[in-house]
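Below: the structure, in structure tokens.
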Amino acid sequence: MELLRSLRKSLKGRCRPVGSGLDAAALEQQQYRFYFFVFFLSIYLLTLSGNTIIILVVWSNTSLHTPMYFFIANLSFLDLWFVSTTVPKLLSILLTNNKRIPFQACFAQLYMFHSLAINECSLLAIMAFDRCMAIFTPLRYPSIVTGRVCKVVMFICWCYGFLLAIMPLTLTVSLPYCKPRELKHYFCDLAPLMSLACADTAPINTSNQSASIIAALFIPLFILTMYIIIIYSIRKIKTNQGRSKAFSTCSSHLTTVILFFSSVFVVYVLPKELQETDKVYALIYNIFPPLFNPVIYGLRNKDVKEALKRSIQKVNSQ
């Protein structure tokens with residue numbers, strides 16, 4: 001908590017989108033910058049290694065070539081992109097105190113961040129549907145969620161995110177920026193960018209918030225519906241062992257959903273002025289879900305742990 005309080009106090013940096021500057025946590029307080037650099041670098045390296053291990057383990061073990069692990073591997077791949085959109089620049093700022101970012105790079109970061117966030121929302125919804133089908137109709141599940149269906153659904157998921165993110169990007173780029181180009185954030189996001197515009201941003205704010213509501217409200221409602229069906233199906237299981245096994249396949253996903261969507265809801269859906277606490281919430285859903293997902297889906301998963309042991313033994317025997 002002390003770290004978060006220090007971070008919140010020091011997040012007074014500025015991100016200048018037109019060759020002027022990008023600031024981050026603890027840049028105003030020099031004594032904290034090195035500690036924040038080590039902290040976020042450690043998180044970033046753990047995130048990269050953990051998600052890469054999940055991808056390699058799923059890819060190299062045929063026993064994990066099932067829809068559930070296919071989606072988990074895709075989530076890990078997505079998390080590698082997601083965390084790499086903002087953290088490397090954040091680390092660069094903390095290490096070198098170089099706060100500048102070109103205009104084009106700022107909006108490229110904006111687009112990639114939002115498209116990958118939408119992709120993650122969609123993928124979490126797909127994973128909820130997959131678990132629902134596995135528990136609600138276990139006998140028909142192999143014929144419903146086939147390998148072909150998984151690939152098509154993932155393709156649609158990726159296209160959906162990259163296409164939907166074009167709208168807020170186009171609207172934000174079109175704004176005239178005549179104020180001092182210093183963003184009070186550690187990366188290029190919608191609200192900090194629009195606060196620099198010298199035009200009426202109310203229509204654009206409405207459009208952007210509508211897109212956020214779709215991602216942060218409609219998708220969680222869909223996931224909630226899936227879990228209502230799951231709970232109904234689990235109650236019909238007669239044995240306690242069967243109920244426990246069925247619920248254990250959903251607990252990891254539910255943990256990720258709560259962590260991710262609660263932070264997204266606070267930052268993008270609640271109508272309010274940009275606050276210092278928003279930067280902390282942005283850090284939470286940008287950094288911590290990609291860090292925790294390999295632990296949630298890997299170290300707590302018996303099949304993944306056994307597959308990882310086999311992979312290690314195979315490497316050692318060569």
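The values are calculated or read from the model by the stated rules, or taken from the named source; none is laboratory data. Bear in mind that the values here come from a model prediction, so they are computed numbers and not experimental data. Note: ideal-geometry Cβ built from the backbone for every residue, glycine included; neighbour counts use all protein chains shown. Please note that ligands, DNA and RNA were not included when accessible areas were found on the heavy atoms of the full protein model with its side chains. Shrake-Rupley method; radii C 1.70, N 1.55, O 1.52, S 1.80 Å.
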Complete set of residues in the stretch 236-266 that are without any contact (Cβ under 8 Å) to a residue 24 or more places away in the chain and either buried (at least 17 other Cβ atoms within 10 Å of the Cβ) or in a loop (DSSP other than H, G, I, E, B) (or both): LYS236, ILE237, LYS238, THR239, SER263, VAL266
Exception for CYS178 within (1) open to solvent by 30 Å² or more (accessible area, probe 1.4 Å); (2) under 18 Å from the mean Cα position of the chain (by Cα); (3) not hydroxyl-bearing (Ser, Thr, Tyr) falls at (2)
Is it the case that the stretch 215-233 has a residue that's out of contact with any His (no Cβ under 9 Å at 6 or more places or on another chain), open to solvent by 20 Å² or more (accessible area, probe 1.4 Å), within 23 Å of ASN293 (Cα to Cα) and polar (S, T, N, Q)? yes
Contact list, first residue from the stretch 209-228 and at negative phi, second anywhere and modelled with pLDDT of 85 or more and open to solvent by 60 Å² or more (accessible area, probe 1.4 Å), beta-carbon distance below 7 Å, six or more apart or interchain, is MET226/PHE129
Looking at (1) open to solvent by 30 Å² or more (accessible area, probe 1.4 Å); (2) part of a helix (DSSP H, G or I), which one does ALA199 not meet, given that it meets all the others? (2)
Between a first residue in the stretch 290-309 that is among the acidic types (Asp, Glu) and a second residue that is assigned to a helix (DSSP H, G or I), which pairs have beta carbons less than 8 Å apart while being 6 or more apart in sequence or on different chains? ASP303/SER63; ASP303/LEU64; ASP303/TYR69
Could you look through the stretch 113-156, keep only residues that are surrounded by 16 or more Cβ atoms within 10 Å (Cβ to Cβ) and free of Cβ contacts under 8 Å to residues at least 40 places away in the same chain, and pick out the one that is nearest to the chain's Cα centre (by Cα)? VAL153
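Residues being open to solvent by less than 60 Å² (accessible area, probe 1.4 Å) and either farther than 17 Å from ALA105 by Cα or out of contact with any Cys (no Cβ under 6 Å at 6 or more places or on another chain) (or both): count how many of those fall in the stretch 183-196.
So in the stretch 183-196, the residues open to solvent by less than 60 Å² (accessible area, probe 1.4 Å) come out as 183, 185-194, 196.
Filter again for either farther than 17 Å from ALA105 by Cα or out of contact with any Cys (no Cβ under 6 Å at 6 or more places or on another chain) (or both), leaving 186-187, 189-194, 196.
Qualifying residue count, the stretch 183-196: 9.
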Please state which of the following conditions GLN109 fails to meet, knowing it meets all the rest: (1) under 23 Å from VAL257 (Cα atoms); (2) open to solvent by less than 50 Å² (accessible area, probe 1.4 Å). (1)
Please count how many residues of the stretch 157-175 are of a type in the set (Val, Ile, Thr) and either assigned to a strand (DSSP E or B) or open to solvent by 70 Å² or more (accessible area, probe 1.4 Å) (or both). 2
